[in-house]
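One structure is given below, encoded as structure tokens.
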Amino acid sequence: MMKRDRSSRAGGGRARMPAARPRATDDPVAAGLRRLWADLESEPVPDSFLDLLDRIDAAREEGGGGDAGETGSHDGGSATAEAAAARRP
Amino acid sequence: MTVLVQSAAAAEPAAPAVPGPRATAGGTPRRPAADQAFRAELLAIIPPLRAFARGLAGNRDLADDLAQEALAKAWAARASYTPGTNFRAWMFRILRNHFYSLHARSKRQVAWDPDAAERLLVSAPTQGSERGIADIRRGLATLPAEQREALMLLEAGFAWEEISTVMDCPLGTVKSRITRGRRALARYLDGPADGTIRKSG
């Protein structure tokens, strides 16, 4: 699922077999990180996440498309500013 | 501009660029198709977003709260996202900013807070790939947060340039964090700290 960047990371995705280069599985750090990530990413998604999307759906059906998903009580107003800051320059 | 977001193609045809800065603010109805596409993006990004949140917070409950709040923020701010641009980087950056703003507000130290289950895992004799993951987790816990983040983002499939966007730092800094993080992890895995359980049958 998350493999899309492997080729570019490996330097262009050429179909060269890793003859001289040590294989990734030989590197315990690379292999460990990859396994850890796969492990975390494959965890089943808790229902609470789907509930959140349900609230979004409900808001959409009401037509207003309001901020139904805003679960945090802390200053929802900063969400837009924060996201705006998150835009690529 | 990077085009790593595969699902962007799906969002593209139905969702022309949002014209106004805040389509919902003045009561202007947003296009349902655009919202639908945005929701699909949110749904698809949940697993990697949770994984990254875990890398930031360590603890599963904290990480899930963090991820949900970030998703809610993203939904609230969807008008500021331009369809077809890098949704993953946009979303991960919201999560990261949210994480650090929470910590700044609570004046707490940004700390890795492992699950109880994970702490158990540390002492339990595990084996095979499971043990490898436990070792890496403990190793990551010893790293400075910015190195841990950079390594996780790389694992998430981001290119280095995208990582510099998400982490809001220069490319050279990203490279150095990744290099130092990997080196420290390698030292940790080689180190004598856990020598007693390194041997597995």
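Computed from the coordinates by the stated procedures, all read-outs in this text should not be read as laboratory data. The structure presented is a predicted model; accordingly, all values stated were derived computationally and were not measured. Every residue, glycine among them, receives a Cβ derived from its backbone with ideal geometry; neighbour counts consider all protein chains shown.
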Using the Karplus equation 6.51 cos²θ - 1.76 cosθ + 1.60 (θ = phi - 60°), what ³J(HN,Hα) coupling, rounded to whole Hz, does each residue of the stretch B:36-48 give in order, writing x for Gly and Pro?
4, 5, 5, 4, 4, 5, 4, 4, 5, 8, 4, x, x
Using θ = phi - 60° and Karplus 6.51 cos²θ - 1.76 cosθ + 1.60, couplings along the stretch B:149-155 (whole Hz; Gly, Pro as x)
4, 4, 5, 5, 5, 5, 5
By counting other Cβ atoms within 10 Å of each Cβ, how are B:Thr85, B:Thr179, B:Thr165 ranked from fewest to most?
B:Thr179, B:Thr85, B:Thr165
What average number of partner chain Cβ atoms lie no more than 10 Å from the Cβ of the residues making up A:50-62?
3
Listing B:Met91, B:Met167 from the residue with the fewest other Cβ atoms within 10 Å to the one with the most, what is the order?
B:Met167, B:Met91
Tell me, A:Ser48, B:Ser80 in order of fewest to most beta-carbon neighbours within 10 Å?
A:Ser48, B:Ser80
Could I have the simple spin-label model distance between B:Arg105 and B:Leu171, label points 7 Å from Cα toward Cβ, reported in nm to one decimal?
3.5 nm
